[in-house]
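Just so it is clear, none of the values below were taken in a lab; they were calculated from the coordinates. These figures come from a predicted structure and were not determined experimentally. Every residue, glycine as well, gets a Cβ built from its backbone with ideal geometry; the counts of neighbours run over all protein chains shown.
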Amino acid sequence: MVLRNVTCKWSGLRIYPGRGIFFTRIDGQQFLFLNKKCKSLYHNRKRPAKIAWTTTYRKAHKKDQDTIVARKKRRAATRTQARAIGGASLEVINKRRAEKPEMRKASREAALREVKERMKKQRQDKVALKSSQASKTAGKGAKLNAPRAGPGKTGAKR
């Protein structure tokens, strides 16, 4: 003969056969309480996590840790592996890593100077292009800016 142990719905403790109080709610849900104390606390809407002797309280406050066997987490040893990133090869990356900060700063400034010069040249080309177009349009006359004649609003409001 096998004895079936059921747990109390409120306290979480074991209920042995022949013990406990059965309660059926209006919606049909059934509860089996350990004793009248648990039933009374449930009906008074007490939270089991706030009552020190319940299993939910003990779990929430990390009691009974000796029964839980915690496995040690092993951390995999992280190995850094150098490899090429994007368009840069491994040799270029290692060369830049070994570079001194002064050299790095000088090369950065040179690159910035080169970019600024390129932008300045583009601006000058743009200005020259605009001035050449302006001189071409100036020869045609002032007809370009004259308003077009067309049907407009005439008369008063109705």
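Gap in Å between the Cα centre of segment 1-55 and the Cα centre of segment 84-108?
Cα centres, segment 84-108 to segment 1-55: 70 Å.
If you average 1/r over all unlike Cα pairs in segment 92-135 and invert the result, what Kirkwood radius do you get in angstrom?
Working: mean 1/r = 0.0772 Å⁻¹.
About 12.9 Å for segment 92-135.
As an exercise, identify the GluC sites (Glu not before Pro) in segment 38-131 lying in DSSP coil whose Cβ has no more than 16 other Cβ atoms within 10 Å.
Numbers: sites: Glu91, Glu99, Glu102, Glu109, Glu114, Glu117; in loops: Glu99.
Those satisfying the criteria are Glu99.
Counting other C-beta atoms within 10 Å, which of Thr80, Thr54 has the fewest, and how do the rest follow? Don't skip to the answer; put the middle values down first.
Details: Thr80 4, Thr54 21.
If I rank by nearby Cβ atoms, fewest first, I get Thr80, Thr54.
To the nearest 20 Debye, how big is the dipole of segment 92-135 about its Cα centre, given +1 on the beta carbon of each Lys and Arg and -1 on that of each Asp and Glu?
Details: 15 positive and 6 negative charges, 32 e Å.
In debye, rounded to 20, segment 92-135 gives about 160.
Which order results if Ile21, Ile26, Ile85 are arranged by neighbouring Cβ count within 10 Å, fewest first? Write out the running numbers ahead of the final one.
Working: Ile21 16, Ile26 5, Ile85 10.
Fewest-to-most ranking of Ile21, Ile26, Ile85: Ile26, Ile85, Ile21.
Compute the Cα gyration tensor for segment 6-60, then decide on rounded, prolate or oblate, letting a ≥ b ≥ c be the square roots of its eigenvalues: rounded whenever a/c is under 1.5, prolate when a/b is larger than b/c in the other cases, and oblate in all that remain. Before the final figure, lay out the partial values.
Details: a/c = 1.94, a/b = 1.28, b/c = 1.51.
It is oblate, given that a/c is not under 1.5 and a/b is not larger than b/c.
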